[in-house]
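Here's the structure we're looking at; comments come further down.
The values are calculated or read from the model by the stated rules, or taken from the named source; none is laboratory data. Since the model is a prediction, treat every value here as computed from it, not as a measurement. Glycine also receives a Cβ, built like all others from the backbone with ideal geometry; neighbour counts cover every protein chain displayed.
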Amino acid sequence: MPVLKLIMSTFFALVVAGGTSSSAPAPESSPPEARWGWPLSPKPSVLRTFDPPDKPWLSGHRGVDLGPTPDGAPVTAPSDGVVTFAGVVVDRPVLTIDQGDGLKSSFEPVTSGLKAGDTVRKGQVIGTTEPGHCSNATCLHWGVRRGEDYVNPLGFVADMRPSILLPLQ
């Protein structure tokens, strides 16, 4: 019984303290899979996880690296949206999509024929991967922002809620 008390007190503390981090998307009424999908098919491996900095100006990893992919692999829109940017940032081709509700996804390095103002649908091919982000393989960097804050893209395609232990009956 002491273990159950510890688990319940920890759970209660998380609930009272707000238990969510700014890196997780806000809960939605429907499962994440209903509105969002993976930008690569089949479901890719996560080569590097989301690791936001403590302060906006510090270094960190503001998205996830997915792959490895072959050069020229199709990248699909994870949800419906409107292209807000298609161009080169520093030395990489980047595509940004506004998904509404203050959410924007960015993909790099992705070559695309789309331009700002184009509407995209979930699952539509939006471009192809290029080498240049991951040093040893071609991969896709996917970042998601809510307003100015980066959030974990995996929270939109996977159930990221913590597991909760229930008492034995």
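General observations
- Output for region 119-142, where each listed residue is closer than 17 Å to VAL82 by Cβ and touching a helix residue (DSSP H, G or I) at 6+ places or on another chain (Cβ under 7 Å): none
- LYS115 being of a type in the set (Lys, Arg), modelled with pLDDT of 95 or more and more than 22 Å from VAL157 (Cα to Cα): yes
- Residues in region 33-77 that are within 11 Å of CYS139 (Cβ to Cβ), among the hydroxyl-bearing types (Ser, Thr, Tyr), in contact (Cβ under 8 Å) with a residue 24 or more places away in the chain and outside any loop (DSSP other than H, G, I, E, B): 0 in all.
- Residue in region 156-169 that is closer than 22 Å to ARG35 by Cβ, modelled with pLDDT of 90 or more and not hydrophobic (A, V, I, L, M, F, W, C) present: no
- Candidates ARG146, ARG161 - the one that is basic (Lys, Arg) and either closer than 20 Å to LEU95 by Cα or touching a residue at least 40 places away in the same chain (Cβ under 8 Å) (or both): ARG146
- GLY87 in contact (Cβ under 8 Å) with a residue 12 or more places away in the chain and of a type in the set (Gly, Ala, Ser): no
- Candidate set from region 38-95 (those that are loosely packed, with under 12 Cβ neighbours inside 10 Å and of a type in the set (A, V, I, L, M)); member that is nearest to GLU108 (Cα to Cα): VAL88
- Remark: pairs (first residue in region 114-129, touching a residue at least 40 places away in the same chain (Cβ under 8 Å) and under 17 Å from ARG35 (Cβ atoms); second residue polar (S, T, N, Q) and part of a loop (DSSP other than H, G, I, E, B); Cβ separation under 6 Å; 6+ apart in sequence or on different chains) = LYS122/SER79; ILE126/SER112.
- In region 138-159, the residues that are farther than 18 Å from SER79 by Cα and either surrounded by 14 or more Cβ atoms within 10 Å (Cβ to Cβ) or of a type in the set (Lys, Arg) (or both): THR138, CYS139
- Where THR119 falls short, out of the listed (1) touching a strand residue (DSSP E or B) at 6+ places or on another chain (Cβ under 6 Å); (2) among the polar types (S, T, N, Q); (3) surrounded by fewer than 18 Cβ atoms within 10 Å (Cβ to Cβ); (4) within 16 Å of VAL151 (Cα to Cα): (4)
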